[in-house]
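In what follows, a single structure is set out as structure tokens and then discussed.
The values are calculated or read from the model by the stated rules, or taken from the named source; none is laboratory data. As the structure is a prediction and not an experimental result, all values here were calculated from the model. For neighbour counting, all protein chains shown are included, and Cβ atoms are generated from backbone atoms with ideal geometry for every residue, glycine included.
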Amino acid sequence: MKAMLLAAGRGERMRPLTDTCPKPLLKVRGRPLIVWHILNLVKAGITEIIINHAHLGYMIVEALGDGSQFGASISYSAEETALETAGGIAKALPLLGEAPFIVISSDIYTPHFNFAECLNTLEDNDMWGNPHPADKRDVAWLYLVKNPSFHPEGDFGLNLMGLSNEAKPGEPRLTFGNIGVYRPEMFSSIQTGEHAKLGPLLRKFADRGQLGGEQYSGEWHNIGTPEQLAALNAPLRPLPIN
């Protein structure tokens with residue numbers, strides 16, 4: 001399985017830090033955000049990694065190189081201007097191949113996520129070994145987290161059958177944690193170089209009943225401001241889990 005790390009965003013809310021440093025290279029506890037993900041992927045045996053970049057992208061390439069220093073093989077998908085999440089994934093499809101792949105946002109901090117759990121999330125067969133019809137099988141598997149303070153309404157309802165746009169009474173409504181496994185055909189409607197957001201695409205497949213997922217309860221932080229970054233780097237301070 002291959003993995004893609006999203007690293008093309010400008011990081012406007014992190015300015016002035018991101019005026020001179022791409023957000024994925026900002027350090028948390030002595031290590032760049034993006035390197036935490038690379039090391040955890042390699043630990044899980046996932047060594048083929050694609051990284052897209054735009055703003056100050058040359059700095060990412062210079063810092064990470066071909067990935068050999070981490071035991072990985074890194075390829076790059078350069079974007080003249082950031083194409084949004086789905087647009088960036090669609091442009092990188094020739095590098096990602098035909099099998100399901102993992103996509104992670106480089107600006108989250110989740111140091112203990114076990115990416116080995118992603119390897120079999122999109123099985124082509126049901127529990128009895130019967131193949132799923134193409135229009136019924138899940139096209140993506142998302143990892144959801146408890147709603148952070150900046151997003152109290154969440155994104156999806158979680159039930160026994162998968163994810164829904166509207167949670168039923170008694171069902172949890174959670175926030176997409178920016179880690180997911182995707183089938184490449186999910187992005188077939190997006191042209192190479194097209195700007196496209198991931199959210200509307202996910203909601204479309206949730207309406208079709210083709211979006212699966214689960215809750216991740218480990219440490220997870222979406223770092224959006226310099227203050228949040230400083231709090232994570234403060235020594236000997238208990239950290240709330242968003």
(request) Return the only residue of Arg10, Arg29 being over 18 Å from Thr81 (Cα atoms) and touching a residue at least 24 places away in the same chain (Cβ under 8 Å). (result) Arg29
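Just to verify a result, which residue in segment 207-224, among those that are assigned to a loop (DSSP other than H, G, I, E, B) and among the polar types (S, T, N, Q), is surrounded by the most Cβ atoms within 10 Å (Cβ to Cβ)? Before the answer, list the steps.
First pass over segment 207-224, keeping only residues assigned to a loop (DSSP other than H, G, I, E, B): 208-210, 216-220, 223-224.
Filter once more, so that each one left must be among the polar types (S, T, N, Q): 210, 217.
Values: Gln210: 20, Ser217: 10.
Checking each candidate, the answer is Gln210.
Conditions (1) of a type in the set (Gly, Ala, Ser); (2) in contact with a strand residue (DSSP E or B) (Cβ under 9 Å, 6 or more places away or on another chain), marked per residue:
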| residue | (1), (2) |
| --- | --- |
| Ala140 | yes, yes |
| Phe150 | no, yes |
| Ser164 | yes, yes |
| Lys168 | no, yes |
| Pro172 | no, yes |
| Thr175 | no, yes |
| Ile190 | no, no |
| Glu194 | no, no |
| Gly213 | yes, yes |
(message) Restricting to segment 123-145, give me the number of residues that are under 18 Å from Met1 (Cα atoms) and at pLDDT 85 or above.
(response) 6
(request) Identify all residues within segment 166-185 that are in contact with a Leu (Cβ under 7 Å, 6 or more places away or on another chain) and surrounded by 20 or more Cβ atoms within 10 Å (Cβ to Cβ); write none if there are none. (result) Leu174, Thr175, Phe176, Gly177, Gly180, Val181, Arg183
(request) Tell me which of these Glu227 doesn't satisfy, since it passes every other one: (1) surrounded by 18 or more Cβ atoms within 10 Å (Cβ to Cβ); (2) over 17 Å from Ala86 (Cβ atoms). (result) (1)
(request) Within segment 171-206, count every residue that is part of a loop (DSSP other than H, G, I, E, B) and among the polar types (S, T, N, Q). (result) 4
(request) Determine, yes or no, whether Arg10 is charged (D, E, K, R) and under 30 Å from Ser189 (Cβ atoms). (result) yes
(message) For segment 19-130, give me every one of the strands (runs of 3 or more DSSP E) that falls completely inside it and has 3 or more residues that are within 13 Å of the chain's Cα centre (by Cα), of a type in the set (Asp, Glu) and buried (at least 21 other Cβ atoms within 10 Å of the Cβ).
(response) none
